[in-house]
Amino acid sequence: METLRIQARFIVASPQEIHHPGQLVIRGGTIIEVTPKTHLPADVELTHHALLPGLVNCHTHLEFSDLASPLPAGGSFPEWIGAVVGRRRELSRLQTVKQGIEHTQATLARGLEEVFSSGTNVVGDIVSMPWQPSWLPAAPAVLPTPFATPRQLPALVPLVSVLGEELPAELLQLHLGGQRAAHVVAFPELIGLDTERLNATCQWAQQLLQAPAPAGVEQLGVSPHAPYSLTLAPVLEFLNRLPRSVPRAMHVAESLDELEWLAHGSGPFRDAFERLGVPLDAERPQIEHCIDLLSGSDRALLIHGNYLTSHNIDQIASSGGTTTVVYCPRTHLHFGHRPYPLKQLLKAGVPVVLGTDSRASTPDLDMLAELRALREQHPWLSPETALAMVTSTAARALGLERIHGTLAVGKRAAIAVASISETCSKATLLESLLSGPS
């Protein structure tokens, strides 16, 4: 099996380990060496670029990747949810089942291409019934390796869409000896305030978990949607039958409207449920119950957490790192939420990672844009911590730290390539990447 030796101006093996310059050696799609030594001739020389671990987007809904712009958020949160659900129902009404599946397949392919083309290697995707792994796009062509000489690199641009002096985007993905597509960690969504629908989603999720490991899916978890959209007791009964190794993800403390409904049974959610004929005496799980539910898994994602209290944060911290909070900075801005409790979470030792959420609440699925929004809202945050939130910490949150998250021997050669200015130094590299063009 032949090897490929790449020399770059910078190799960001991890947020704490940067080689300037450095070489990365790959064999069969796996990293076999990362070194600051450059005395051996390289097959590829990238004198104006940095290599980074492929980014990890811990939360999105790829099924909305066909939206050209976010849905307006000027009204209440339930009104926005209604617009999302209404759009899904309208598409279903206008299409046959076959057309609906084909539309979803095309949308998933578009979303995966978008995340891949902006430097993302792994995406945590909330999927809704009747999603099937076969709906994901077929594996793209394997990249040719090794590259014979650096001069041949421009000819490969149509295949890898990343290299050369002029990148079509600031941060693009290079899979060496692998597939040109982001890998998916899929979370089938458990949802329904009526028993019939909730049981149906649980049965669908169970079938997916029991099936042979599907191609293109790194891992399968489950996602009890949110405390306002399900009945807790049957969900707990279902989850308690699953091994702790099955990851969980749940939208929690996302809006003030949610908190008002859970605490008092009033507000916009009550109005929405009255219009829909939902029984108003149904159980209302509290935030503490949701945190307990997530702690029943070895890997859990608490999504958003915009309105977590200090008590909630302490409860999450007591999980010992098994529950990670997913922050979506641009979605947070889209809804005009109060300042995010990032400093409190990190001080308590709670792992925090980033997600884009879906195109229903953000303009694109670009994790670099998400990182820059993070730094704009929290300028005190170090670039090392910020980068870890989309690489090493994020891979650990999804249970993939053995193969993703850093550039290290034995891990997959899934690499993001960033163009670097002439004046960039080792000391300023991460800050330059996260600050954006001057």
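The values are calculated or read from the model by the stated rules, or taken from the named source; none is laboratory data. Keep in mind it's a predicted model, so treat the numbers as computed, not measured. Heads up, the Cβs are rebuilt from the backbone with ideal geometry, glycines too, and the neighbour counts pull from every protein chain shown.
Side notes on the structure shown:
- Scanning region 74-99 for residues that are of a type in the set (A, V, I, L, M) and farther than 18 Å from residue 226 by Cβ yields 91, 94, 97.
- Residue pairs meeting the criteria (Cβ under 9 Å; at least 6 apart or on separate chains; first in the same structural domain as residue 23 (by TED's automatic domain parsing), in region 406-428; second of a type in the set (D, E, K, R) and in a loop (DSSP other than H, G, I, E, B)): 410/402; 411/402; 418/170; 419/165; 419/166; 419/170
- Subset of region 370-419 that is assigned to a loop (DSSP other than H, G, I, E, B) and among the small types (Gly, Ala, Ser) - its residue that is farthest from residue 28 (Cα to Cα): 382
- Region 342-393, residues that are free of Cβ contacts under 8 Å to residues at least 40 places away in the same chain and of a type in the set (S, T, N, Q): 344, 382
- Filter result for the condition that a residue is in the same structural domain as residue 74 (by TED's automatic domain parsing) and surrounded by fewer than 19 Cβ atoms within 10 Å (Cβ to Cβ), over 382, 358: 382
- Extreme residue, surrounded by the fewest Cβ atoms within 10 Å (Cβ to Cβ), among residues of region 196-210 that are free of Cβ contacts under 8 Å to residues at least 24 places away in the same chain and more than 15 Å from residue 241 (Cα to Cα): 196
- Residues in region 1-58 that are in contact with a helix residue (DSSP H, G or I) (Cβ under 7 Å, 6 or more places away or on another chain) and modelled with pLDDT under 90 were compared, and the one that is surrounded by the fewest Cβ atoms within 10 Å (Cβ to Cβ) is 45.
- All positions within region 341-369 that are in a helix (DSSP H, G or I) and among the polar types (S, T, N, Q): 344
- Only one of the numbered conditions (1) part of a loop (DSSP other than H, G, I, E, B); (2) within 22 Å of the chain's Cα centre (by Cα) is violated by residue 58, and that is (1).
- Test: residue 42 is more than 20 Å from residue 216 (Cα to Cα), part of a loop (DSSP other than H, G, I, E, B) and not assigned by TED's automatic domain parsing to the domain that holds residue 229: yes
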